[in-house]
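The values are calculated or read from the model by the stated rules, or taken from the named source; none is laboratory data. Note that this is a predicted model, so its numbers are computed, not measured. Quick reminder, even Gly has a Cβ in these numbers, built from the backbone with ideal geometry, and neighbours come from all protein chains shown.
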Amino acid sequence: MDTIFALATAQGKAGVAIIRISGPQAFIAAEILCHSVPPNQGPKLKTLVDENGLVLDRALVLSFSGPKSFTGEDTVEFHLHGSTAVISIVLKTLGSGVARLAEPGEFTRRALDNNKLDLAQVEGLADLIEAETEVQRRQALRGMVGDLGKHIEEWRKKLIRSAALIEATIDFSDEDVPVDVSVEVIHLLGEVEAGLTLQLKGFSVAERIRTGFEVAIIGSPNTGKSTLLNALACREAAITSEYAGTTRDIIEVRMDLNGVPVTLLDTAGLRQAMDEIEIIGINRAISRAKQADLRIFLKEPDEILPLLALSDDIILAPKADLRNDDLPSVSGITGEGLSNLTAEISEKLKSRIALAGLVTHERHNTAIKESLIKLVAAKQHISLGPDHYDITAEEIRSAVRCLEVIIGRVDVENLLDEIFSSFCLGK
């Protein structure tokens, strides 16, 4: 492989910037900047110079011999002062040597190629980089440390044993085989099926953690929906007016609500529409609200809206600042009831988060579904007796291959470019 280098920290000014080199000639490439870089060297303060001996910066230099590095290759890191001028001249000097500029995600791809990470861990690392809330960070970390890969390895071992038992029966079909392997095989397949089914149940929540829960604010025109959105977002995200029907399209605001990723949706007021544009807005509001994870209804007790609340939705009376009753209510203007509302939203969403599984990406979900189909087929064939054991063994092997796709062992070349294209340079 080529030796590669890139800025591993964000672009722009900073106190410290890190430039990473990885590959078979990493130590040689590093010596362009500082004359000696011993393998496995702890942080050493060194003077960096160009090919003419001109001093560029003073930096901490660390080196790691492969395979004991992130990429599994020889690696050197320079911890520089983070000015754009320093970064630019150091990168330019490195480019004049034996190394080339890395492509997006190339360091992580090498970690995958060198078995430092599996593909599910790579996706967990990408999710960790993108994490904006505490809940997202925790979920991404589970993926990055390989929790899903550990489960897959356990399922894989059970399926391989099942296939081996079946194949042994096939090999000795003409001899006396006193043990009926079908009982153990059915038990093993059942254990794997139960584990896969459990992960599938937690997929929708896990995916929502990664992309954000949608919370729609629903009500009649002029009930304070936009004002409430602005109060929850702590900024003027939506136009507010005393005139009914101001909101025509759906307004989205992403926010961190007590560590939970939430997208708030301000929707058009629900009423008998007055014009064609408002009809479109109301239809969109109803459609989007039905798809939302949670709905906040601002309505009077006797008010009937064209969208029914579900058992887990939140129903509040609007404009708490103008009320003289004891109904649970909220006001975006004064903030009355706002803390109770945010606490209730958090509580409801966190109760769902507890059900999240390790399957966080659609491709994981698809692979597990396909594996389950193969397992169900295997159980059906084994129940038909030894004459169907060859088909049973093939169905089990197919189930194993489906699971191996998740961690990148087989048939994933067409996925790699898409996955790594989302990584930044230097990662």
(message) Just to confirm my filter: which strands (runs of 3 or more DSSP E) fall fully inside the stretch 1-93 and include at least 3 residues that are in contact with a Cys (Cβ under 8 Å, 6 or more places away or on another chain)?
(response) 44-49
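This table checks each residue for (1) assigned to a helix (DSSP H, G or I); (2) under 30 Å from D387 (Cα atoms); (3) at pLDDT 90 or above.
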{"position": "R110", "(1), (2), (3)": "yes, no, yes"}
{"position": "K116", "(1), (2), (3)": "no, no, yes"}
{"position": "A120", "(1), (2), (3)": "yes, no, yes"}
{"position": "E123", "(1), (2), (3)": "yes, no, yes"}
{"position": "A126", "(1), (2), (3)": "yes, no, yes"}
{"position": "Q139", "(1), (2), (3)": "yes, no, yes"}
{"position": "G149", "(1), (2), (3)": "yes, no, yes"}
{"position": "K158", "(1), (2), (3)": "yes, yes, yes"}
{"position": "E175", "(1), (2), (3)": "no, yes, no"}
(request) Check the stretch 280-300 and report whether any residue there is exposed (fewer than 13 other Cβ atoms within 10 Å of the Cβ), over 24 Å from K348 (Cβ atoms) and among the aliphatic types (A, V, I, L, M). (result) no
(request) Please work out which residue is modelled with the highest pLDDT, limiting yourself to the stretch 228-244 and to residues that are in contact with an Asp or Glu (Cβ under 6 Å, 6 or more places away or on another chain) and either surrounded by fewer than 22 Cβ atoms within 10 Å (Cβ to Cβ) or more than 16 Å from L294 (Cα to Cα) (or both). (result) N230
(request) Can you give me the number of residues within the stretch 251-281 that are over 17 Å from V135 (Cα atoms), at pLDDT 80 or above and not in a strand (DSSP E or B)? (result) 1
(message) For the stretch 328-354, which positions are assigned to a helix (DSSP H, G or I), over 21 Å from the mean Cα position of the chain (by Cα) and aliphatic (A, V, I, L, M)?
(response) L338, L341, A343, I345
(request) Name every residue in the stretch 341-354 that is surrounded by 13 or more Cβ atoms within 10 Å (Cβ to Cβ) and either of a type outside the set (G, A, S) or modelled with pLDDT under 90 (or both), in order of residue number. (result) L341, T342, E344, I345, K348, L349, K350, R352, I353
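Results for (1) free of Cβ contacts under 8 Å to residues at least 60 places away in the same chain; (2) of a type in the set (A, V, I, L, M, F, W, C); (3) assigned by TED's automatic domain parsing to the domain that holds V260; (4) surrounded by fewer than 16 Cβ atoms within 10 Å (Cβ to Cβ), shown as yes or no for each residue.
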residue: L316; (1), (2), (3), (4): yes, yes, yes, no
residue: P328; (1), (2), (3), (4): yes, no, yes, yes
residue: G332; (1), (2), (3), (4): no, no, yes, no
residue: I368; (1), (2), (3), (4): no, yes, no, no
residue: Q380; (1), (2), (3), (4): yes, no, no, yes
residue: P386; (1), (2), (3), (4): no, no, no, no
(message) Test of understanding: among E300, E344, E276, which residue is out of contact with any strand residue (DSSP E or B) (no Cβ under 8 Å at 6 or more places or on another chain), acidic (D, E), assigned by TED's automatic domain parsing to the domain that holds G259 and without any contact (Cβ under 8 Å) to a residue 40 or more places away in the chain?
(response) E276
(request) Among the residues of the stretch 20-61, write down those that are among the small types (G, A, S) and under 37 Å from the mean Cα position of the chain (by Cα). (result) S22, G23, A26, A29, A30, G42, A59
(message) Residues to consider are T211, T197; find the one that is farther than 18 Å from E370 by Cβ and polar (S, T, N, Q).
(response) T211
(request) Could you list, in sequence order, all residues of the stretch 160-173 that are outside any loop (DSSP other than H, G, I, E, B), small (G, A, S) and at pLDDT below 85? (result) A168
(request) Using the structure shown, decide if L358 is under 17 Å from the mean Cα position of the chain (by Cα), at pLDDT 90 or above and buried (at least 20 other Cβ atoms within 10 Å of the Cβ). (result) yes
(request) Quick one: which residue in G143, G190, G212 is of a type outside the set (A, V, I, L, M) and more than 30 Å from K350 (Cβ to Cβ)? (result) G190
